[in-house]
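Reading through the structure tokens given below for one structure.
The values are calculated or read from the model by the stated rules, or taken from the named source; none is laboratory data. For clarity, every value in this text was computed on a predicted model and none was experimentally measured. Cβ coordinates were reconstructed from backbone atoms using ideal geometry, including for glycine residues, and neighbour counts include every protein chain displayed. Surface areas here come from the heavy atoms of the whole protein model, side chains and all, with no ligands, DNA or RNA. Shrake-Rupley method; radii C 1.70, N 1.55, O 1.52, S 1.80 Å.
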Amino acid sequence: MNALKGKVAIITGAGSGIGRASAIRFAAEGAKLVIGDKSDAVHETAKLIGEGVTALQIDAGVEADVAKLVAAALSTYGGLDIAFANAGIIGDMGGIFDIDPAAWAETLRVNLIGPALMVKHAGKAMVDQGRGDHEDQQQHKRQIDEVGDVEIGQRMGRPVAAKGACHGGSI
């Protein structure tokens, strides 16, 4: 059980559920961890794991908090190999005719913008270090090359994510 020995991982939403279970499993597989959650239960997860884990109470939809997770991985463990943007909320479960725009915006902030922030900060750190999954880096490079312009390739994520969110809620 050393599949992740020598790897450093960030996991958001690690205070409970899939995030907690993933953190425990990653640690059992040998990874050093930086875990985050909005709830202070993230510290309970750290206690369950023991050594090799840094827990931060953060909001995965706040850019400064995501940057703090990445900085903690770099300063504490010297690098970053894996980023699991697991944090998410159910949000407003009311019908479409009763939807509260503020509640919907909060759901999108955490569930859509949060993972994008993780890619922005953790992904950049991994690419800058030449770490992370080489195949993912090569795939990203191919996608940018297919567009033919690095600037266009880097900007395409926002409209594609927004359009995908719209299609997911199409009538």
Pair list, Cβ < 7 Å and 6+ apart or interchain, from the stretch 1-15 residues that are touching a residue at least 40 places away in the same chain (Cβ under 8 Å) to residues that are hydroxyl-bearing (Ser, Thr, Tyr) and open to solvent by 10 Å² or more (accessible area, probe 1.4 Å): 8/77; 11/22
Can you pull out the residues in the stretch 15-36 that are surrounded by fewer than 19 Cβ atoms within 10 Å (Cβ to Cβ) and in contact with a helix residue (DSSP H, G or I) (Cβ under 8 Å, 6 or more places away or on another chain)? 16, 24
Going by the conditions given, is residue 102 free of Cβ contacts under 8 Å to residues at least 12 places away in the same chain, under 28 Å from residue 23 (Cα atoms) and over 13 Å from the mean Cα position of the chain (by Cα)? no
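Does residue 54 fit the bill of being farther than 22 Å from residue 107 by Cβ, open to solvent by 20 Å² or more (accessible area, probe 1.4 Å) and either of a type outside the set (Lys, Arg) or without any contact (Cβ under 8 Å) to a residue 24 or more places away in the chain (or both)?
yes
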